[in-house]
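Student: Sending over a structure as structure tokens; questions will come in a sec.
The values are calculated or read from the model by the stated rules, or taken from the named source; none is laboratory data. These figures come from a predicted structure and were not determined experimentally. Please note: Cβ atoms are built from the backbone with ideal geometry, for glycine as well, and neighbour counts cover all protein chains shown.
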Amino acid sequence: MTTKLVEIDDTKLHVLEGNKGDAPWYSQRKAFEERYSLLYPLLRRAGVRTFLDVGANYGFISLLARKFLPDANIISIQADPRLAPLIKQNFEFNGLNQPELLNLVAGADDTDDSFFL
């Protein structure tokens, strides 16, 4: 699994590189609206203590939530087992406290593992 480092303002994000990776998509974007969303300052002013990021991908939204809500319980849910370690890596790389990371998928069957095509 090869990754590429993408810088989004003051946030660094490791993303998958290659044909099925997201590096080209993240690299081509010139603006990241999420970074300037009014949501995070509003959540901070409201005193939000828990932030849930469903489908956390590489953890970008979770990272932003941690920056604005440093003492909140950040819960990142990511089904793809390739991306869960990258979420941890991205938090470490940005010097932020880790979120609670749930690497799981909901489905019709109760199995111990699943895979993505």
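Student: In the range 62-110, which residue that is acidic (D, E) and closer than 18 Å to K4 by Cβ is surrounded by the most Cβ atoms within 10 Å (Cβ to Cβ)?
Tutor: Quick first cut of the range 62-110, residues acidic (D, E) only: 71, 80, 92, 100, 109-110.
If we keep only those that are closer than 18 Å to K4 by Cβ as well, we get 80, 92.
Values: D80: 16, E92: 12.
Out of the qualifying residues, it is D80.
Student: When you go through (1) more than 22 Å from L104 (Cα to Cα); (2) part of a helix (DSSP H, G or I); (3) touching a helix residue (DSSP H, G or I) at 6+ places or on another chain (Cβ under 8 Å); (4) not polar (S, T, N, Q) one by one for R45, which number turns out not to apply?
Tutor: Status for R45: all satisfied but (3).
Student: I want to confirm something. Restricting to the range 58-104 and keeping residues that are without any contact (Cβ under 8 Å) to a residue 24 or more places away in the chain and farther than 24 Å from W25 by Cβ, which single residue is farthest from the chain's Cα centre (by Cα)?
Tutor: D71
Student: A follow-up question, please. Among the residues of the range 97-108, are any modelled with pLDDT of 95 or more and in a helix (DSSP H, G or I)?
Tutor: no
Student: Given the conditions (1) modelled with pLDDT of 95 or more; (2) in contact with a helix residue (DSSP H, G or I) (Cβ under 9 Å, 6 or more places away or on another chain); (3) not aromatic (F, W, Y); (4) not in a helix (DSSP H, G or I), which single one is not true for R66?
Tutor: Of the numbered conditions (1) modelled with pLDDT of 95 or more; (2) in contact with a helix residue (DSSP H, G or I) (Cβ under 9 Å, 6 or more places away or on another chain); (3) not aromatic (F, W, Y); (4) not in a helix (DSSP H, G or I), the odd one out for R66 is (4).
Student: Pick from G47, G18, G59, G55: which is at positive phi and crowded, with 17+ Cβ neighbours inside 10 Å? If you could, list the steps in order and put the result at the bottom.
Tutor: Working: G47 fails: crowded, with 17+ Cβ neighbours inside 10 Å; G18 fails: crowded, with 17+ Cβ neighbours inside 10 Å; G55 fails: crowded, with 17+ Cβ neighbours inside 10 Å.
On inspection, the qualifying residue turns out to be G59.
Student: Those residues that are surrounded by 17 or more Cβ atoms within 10 Å (Cβ to Cβ) and touching a helix residue (DSSP H, G or I) at 6+ places or on another chain (Cβ under 8 Å), I need them from the range 23-42; list them, please.
Tutor: Here is the first cut: in the range 23-42, the residues surrounded by 17 or more Cβ atoms within 10 Å (Cβ to Cβ) are 23, 26, 40.
Answer for the range 23-42, where residues must be surrounded by 17 or more Cβ atoms within 10 Å (Cβ to Cβ) and touching a helix residue (DSSP H, G or I) at 6+ places or on another chain (Cβ under 8 Å): just Y40.
Student: Confirm whether L13 is in a strand (DSSP E or B) and either closer than 25 Å to L104 by Cβ or in contact with a Phe, Trp or Tyr (Cβ under 7 Å, 6 or more places away or on another chain) (or both).
Tutor: Working: in a strand (DSSP E or B): yes; either closer than 25 Å to L104 by Cβ or in contact with a Phe, Trp or Tyr (Cβ under 7 Å, 6 or more places away or on another chain) (or both): yes.
When the stated conditions are applied, L13 passes them.
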